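The values are calculated or read from the model by the stated rules, or taken from the named source; none is laboratory data. From a predicted model like this one, the values you see are computed outputs, not experimental measurements. Counting neighbours? That spans all protein chains shown, and the Cβs are built from the backbone with ideal geometry, glycine included. The accessibility values were calculated without ligands, DNA or RNA, using every heavy atom of the protein model including side chains. Shrake-Rupley method; radii C 1.70, N 1.55, O 1.52, S 1.80 Å.
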Amino acid sequence: MSWNIEASFGEQTQHILLKFLQENKVENRTYQQEIQKLENELRKGSNFDDDIQTDGHCPSGFMRAAHRSDVEEVDEEELYRNIAAYLADIGDRLDQSINRDLVEEFIHETERSQPRMDGTVIMSSMISRLTNQRIDVTQDMPQEKVILLLALVLLKKTVVEKPLLLPRIFRTTVQYISNRLQDYIQNIGGWQNIH
């Protein structure tokens with residue numbers, strides 16, 4: 001399969017997170033509508049990290065689908081889907097370890113904060129609390145992979161509970177991964193080597 005090496009880390013992350021959320025079969029109309037809106041924005045080329053403050057790792061800018069051949073786009077979509085399915089599978093096993101009270105607290109803190117505020121501070125605090133718990137599923141994983149999975153599961157559980165927070169939490173999660181985990185993911189050879 002081909003991989004669009006010209007796509008920014010942020011763009012790859014956005015597409016993988018979208019596919020991750022689509023793996024979650026939720027029978028909630030609002031959730032499905034918000035996922036569809038997000039997918040439409042990504043297809044149109046909206047760059048969800050335009051307003052994100054990063055440490056310089058994540059170049060801005062979106063490769064438009066018109067610049068790719070159909071074959072590359074299909075392969076890239078399939079690769080995003082495979083990565084997301086793998087992460088969703090592990091995330092499902094981890095899901096039961098996430099305390100519902102912590103998800104509620106994350107939702108409450110996010111709703112209380114200003115929309116332009118850096119949501120990664122709240123997410124980082126929640127993930128730190130989660131990493132302090134002993135979770136059997138993650139015992140043999142590198143710490144960075146555990147953090148990645150916790151961020152994804154927190155994203156999923158939050159937007160299932162409050163679908164209207166999807167755009168905000170999605171941006172926060174992309175920013176969090178770009179700031180905290182980009183070096184780790186690049187050091188293992190990119191998203192395609194996350195297994």
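Calculate the spin-label point distance for Gln36 paired with Met141, positioning each point 7 Å from the Cα along the beta-carbon direction, and give it in nanometres.
3.2
Whenever you get a sec, compute what percent of the accessible area on the stretch 77-173 sits on carbon and sulfur atoms (1.4 Å probe).
44
Hey, any idea what Rg/Rh is for the stretch 87-140, computing Rh the Kirkwood way over Cα pairs?
Over the Cα atoms of the stretch 87-140, Rg/Rh equals 1.03.
How many nm is it between the label spots at Arg112 and Asn132, if each spot is 7 Å from the Cα in line with the beta carbon?
With each label point 7 Å from Cα toward Cβ, the separation is 1.7 nm.
Could you rank Asp75, Asp89, Asp140 by how accessible they are, 1.4 Å probe, largest area first?
Asp140, Asp89, Asp75
Using the Karplus curve 6.51 cos²θ - 1.76 cosθ + 1.60 with θ = phi - 60°, what ³J(HN,Hα) values do you get for each residue of the stretch 180-195, in whole Hz, with x for Gly and Pro?
9, 10, 4, 4, 4, 5, 5, 5, 8, x, x, 3, 5, 10, 6, 4
Where does each of 181-187, 124-130, 152-158 land if you order them by average Cβ count within 10 Å, highest first?
The peptides rank, most packed first, as 152-158, 124-130, 181-187.
Each label point is 7 Å from the Cα along the Cα-to-Cβ direction; what then is the distance between the points at Arg29 and Glu104, in nm?
Distance between the two pseudo-spin positions: 2.7 nm.
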